[in-house]
Amino acid sequence: MDVSSNLSYIPKFSTPTKKRPLVYPNSPITPLHQQALLGKASRSAKKSPTKASSNFVRGSPKLDVVSSDWSLSTSVSSPRAKHHCSNHSDRFIPSRQNSANAFVSNQKHELSAEYNESVAEACGLDLNTRILAFKPDAPESKKPVDLRAQYNRPQKPVVSQTKRKFATTPERVLDAPGIVDDYYLNLLDWSSLNAVAIALERNVYVWNADSGDVGGIAETDESTYVAGVKWSQDGTFLSVGLGNGLVEIYDVESQKKLRTMAGHQSRVGVLAWDRHILSSGSRSGAIHHHDVRIAQHKVGELLGHESEVCGLAWRSDGLQLASGGNDNLVQIWDARSSIPKFTKTNHTAAVKAVAWCPWQSNLLATGGGTMDKKIHFWNAATGSRVNTVDAGSQVTSLTWSPQLKEIISTHGFPDNNLSVWSYGTTGITKQVDIPAHDSRVLYSALSPDGRILSTAASDENLKFWRVNDSETKKRTGIFSKAGPANMTIR
């Protein structure tokens, strides 16, 4: 057949039953469209090889003319989609397979319920009750419970840190004429039986804080004077150190001198008791231990200072002794040794103020003189310095509060005041400065209940200050039966 004659022959196609898509005969054919059309034609030929394709006409071996637009048939689906659709039944009409599964599941549930009932009956249990239950029921609260207060409260109570108030005026003032103005002496002490002993020149007076009675207990000859006084721990005996190196012991109740102990070559300005042992420090720098129960009273001697010993204190348990001297040294001694355990040289002036902490046995406080003005705190177990504060003036005495974590310091030049310090884990904080005397505060002593501090100065006044308002112990009787607020002690 002639090829040119065939080009004029165009077959007529029958109209398809479905809606014919729009045809754009002038639209160009891209390689991508051509490839898709050829692939669709090949698949159709495999399905019906005898049926001619009706989508395009092959008019030339080199050119294919599109007679209709190509569109993806919705009837053709992948095997995965067929499999996915076959597994799902209608929303409202369950398939036969799902109905069978539901029947088997219900049958298993019934068997499980029967099994549980049989096991419960064999064990004697009731399926309608809990195994772990209160028997009997938990008691109900008689008071209504406020859930907001129950669950919103803090884990620990919040304590308001309010600064307590201090009295800046003394509660009692006594005249003390003739008191010696000497920094190195210790002329004031308060006993555990609430009696105040004070030395005025050559005489020692005792003032009963409960009754207000005043009486003289000791008097020296004209060749010497009283350099130090100290009560025994039970308050029944008073030791007196003299300017000539002698140490005397008096019975307060009978007001008689019990004995005189020699040994020092110079004045004895400081004394300290540890039960039956009386320790005395002298101007020569020597410290003697006296056993007051025996005739040969000297049982020990400590030679650690090169100048006058002006501070001396036993620890409450009697295991250690602390001493301070005019050689600017602090010595810490073990009770059974004559060699100092620790020697501290941090002070740059004489150390008169020495005090052990009553609620922390290893804590020692020491204060320096005019050229130092420092308060050091020591760990007596290790010998390390744990804290230091600058007092700003000469430190003449230190006294710990037995109830509160506080320490009270008295001062000489230039302020002549007393200061209250709070001692805590975060450090030392000054709470108040109280102007005390017109001249330097030389001596101080604390009442047995720890609430009243007595101070004496060269202005010849003995003053009593309330430093603690705690009501944990019986109030000291110096304000009820002690007579008028101003009186002469002799």
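Tabulated data
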{"item": "Taking 280, 316 and counting other C-beta atoms within 10 Å, the order from fewest to most", "result": "316, 280"}
{"item": "Sites matching chymotrypsin sites (Phe, Trp or Tyr not before Pro) across the range 309-399 that sit in DSSP coil, with at most 16 neighbouring C-beta atoms within 10 Å", "result": "359"}
{"item": "Fraction of the pair-distance distribution of the range 172-488 above 28 Å, Cα-Cα pairs, percent", "result": "34"}
{"item": "Loop sites in the range 321-429: trypsin sites (Lys or Arg not before Pro), DSSP, at most 13 other Cβ within 10 Å", "result": "336"}
{"item": "The range 204-220 - phi-based ³J(HN,Hα) in whole Hz, Karplus 6.51/-1.76/1.60, Gly and Pro as x", "result": "10, 10, 10, 10, 7, 6, 7, 9, x, 6, 10, x, x, 10, 8, 8, 9"}
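No lab work stands behind these numbers, since they all come straight from the coordinates. From a predicted model like this one, the values you see are computed outputs, not experimental measurements. Every residue, glycine among them, receives a Cβ derived from its backbone with ideal geometry; neighbour counts consider all protein chains shown.
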